[in-house]
Amino acid sequence: MLSDLNDAKLPDLKQQAIDWLVRLRDENISDAEINAFADWLAEDYHHSEAFASAEDLFNDMVLAASSVSASTQHAINTPETMTNVVSLSRVSSKPAKSQSSKLAVRAGHWLPAMLAVAAVWLFSVILVMPENSYPLERLLSDYYTVTGELRSIQLADGSRLLLNTNSAVSINYDDVKRQVILHHGQVRFTVAKDSLRPFEVKVDDMNITALGTVFDVLRTDPKATSVTVQQHAVSVNLLSGEHVQKTLAGVYVQEGQQLRYRHDGILSAAQPIELEQATAWQQHRLLINDRPLGELISELNRYRVGRIFLSDAQLSKLRVTGVFSLDKPDDILRSVCNVLNLQETHLSDWWILLHR
């Protein structure tokens with residue numbers, strides 16, 4: 001419905017884009033006009049699309065004009081044709097220095113506009129990407145998963161990693177230790193025994209040493225990491241930080257417990273956790289038991305491309321209970337909306353707004 005409305009406005013947007021294109025090519029354009037152009041671009045991503053189309057149209061016209069100019073050498077020498085050729089020759093006979101200086105002035109005027117376009121593009125990409133995505137870290141990692149992917153990896157020592165959606169790790173094995181660096185995301189570690197080389201997971205200033213078999217580490221927030229133990233135990237230590245000397249040498253997390261760390265240099269005691277709910281992701285399921293809708297939306301945003309928004313902060317407090325398959329996050333959203341009597345408005349192929 002909204003896309004139809006945008007399509008109806010498209011001709012008007014094209015005209016606006018062409019008007020801006022003409023104004024921006026004026027050497028006397030003011031800073032206020034350039035700022036107004038940047039504001040116009042930021043209003044709607046359709047504006048940047050329309051402006052790009054206008055530029056393509058202009059470039060096509062320039063190419064066509066160049067072609068026509070070249071063909072004038074073979075045209076019939078009518079007075080009208082000769083007048084056009086003389087006009088073109090007068091334009092092209094301007095001093096090179098003058099043309100270069102004007103090009104420099106125009107480039108100076110274009111720079112804020114290009115930066116504005118880049119800002120709009122970056123803003124759009126950020127909104128399309130899932131929350132807590134780190135494409136650069138993904139490129140630098142040894143193993144990673146894309147949105148919605150669940151991937152099992154077997155390492156050289158027989159240990160296994162299960163990577164949840166949007167996760168990335170690097171492997172650092174040598175003769176004295178086995179280390180996995182978790183850049184972001186969520187990973188279950190099933191550790192193979194090796195009495196000569198401890199198995200460690202490093203997350204920023206946090207080091208987790210396996211004392212048993214199975215545990216998972218979640219880092220989707222740069223300021224928070226959680227460690228959940230499914231079998232046996234792990235030891236958690238801090239590697240650096242101004243508060244390290246005031247903390248315990250290590251905090252032990254036992255089976256059925258979870259440790260949450262805020263990356264503030266202070267380790268707190270582990271707390272009991274409902275393992276069935278905490279580990280449901282390993283079966284590609286989402287188990288929510290009387291939790292706020294906002295928490296469910298945050299989880300769904302991890303598993304789908306784009307973003308889900310709530311129109312009212314009060315909606316985030318609605319309570320939700322259910323077991324859902326993560327294979328189709330939008331189906332989860334649809335069923336929850338039916339239960340809570342909410343409406344979905346698709347702002348684009350990626351953005352969904354929930355409202356009354």
Determine whether L300 is assigned to a loop (DSSP other than H, G, I, E, B), touching a residue at least 12 places away in the same chain (Cβ under 8 Å) and surrounded by 15 or more Cβ atoms within 10 Å (Cβ to Cβ). no
Result of the Cβ filter at 8 Å on segment 139-168, keeping first residues that are in contact (Cβ under 8 Å) with a residue 24 or more places away in the chain and partners that are among the basic types (K, R) and in a loop (DSSP other than H, G, I, E, B), at least 6 apart or interchain, is T147/R304; G148/R304; D157/R197
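Could we say that V234 is farther than 21 Å from L155 by Cβ, β-branched (V, I, T) and at pLDDT 95 or above here?
no
Does segment 303-326 hold any residues that are among the charged types (D, E, K, R), in contact (Cβ under 8 Å) with a residue 60 or more places away in the chain and under 21 Å from Q277 (Cα atoms), and which are they? Break it down stepwise before answering.
In the first step, residues of segment 303-326 are kept if they are among the charged types (D, E, K, R); the result is 304, 307, 312, 317, 319.
From what's left, in contact (Cβ under 8 Å) with a residue 60 or more places away in the chain: 304, 307.
Once the filter is applied, which keeps residues that are among the charged types (D, E, K, R), in contact (Cβ under 8 Å) with a residue 60 or more places away in the chain and under 21 Å from Q277 (Cα atoms), segment 303-326 yields only R304.
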Looking at (1) surrounded by fewer than 13 Cβ atoms within 10 Å (Cβ to Cβ); (2) under 28 Å from H355 (Cα atoms), can you tell me which one L286 breaks? (1)
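Among the residues of segment 185-227 satisfying the criterion of being β-branched (V, I, T) and in contact with a Ser or Thr (Cβ under 7 Å, 6 or more places away or on another chain), which is surrounded by the fewest Cβ atoms within 10 Å (Cβ to Cβ)? Spell out how you get there, then give the answer.
First, the residues of segment 185-227 that are β-branched (V, I, T): 187, 190-191, 201, 203, 208-209, 213-214, 217, 220, 225, 227.
Restricting the remaining residues to those that are in contact with a Ser or Thr (Cβ under 7 Å, 6 or more places away or on another chain) gives 187, 190-191, 203, 209, 213-214, 217.
Values: V187: 24, T190: 19, V191: 25, V203: 22, T209: 15, T213: 17, V214: 20, V217: 25.
Here the residue is T209.
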Selection count where residues are more than 14 Å from L300 (Cβ to Cβ) and in a helix (DSSP H, G or I), scope segment 316-331: 1
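Out of segment 332-356, which residues are of a type in the set (D, E, K, R) and over 13 Å from L296 (Cα atoms)?
The initial filter retains those residues of segment 332-356 that are of a type in the set (D, E, K, R), namely 334, 344, 349, 356.
Selection gives E344, D349, R356.
The values are calculated or read from the model by the stated rules, or taken from the named source; none is laboratory data. All values reported here derive from a predicted model rather than from experimental measurement. With ideal geometry, Cβ positions are generated from the backbone for all residues, glycine too; neighbour counts draw on all protein chains shown.
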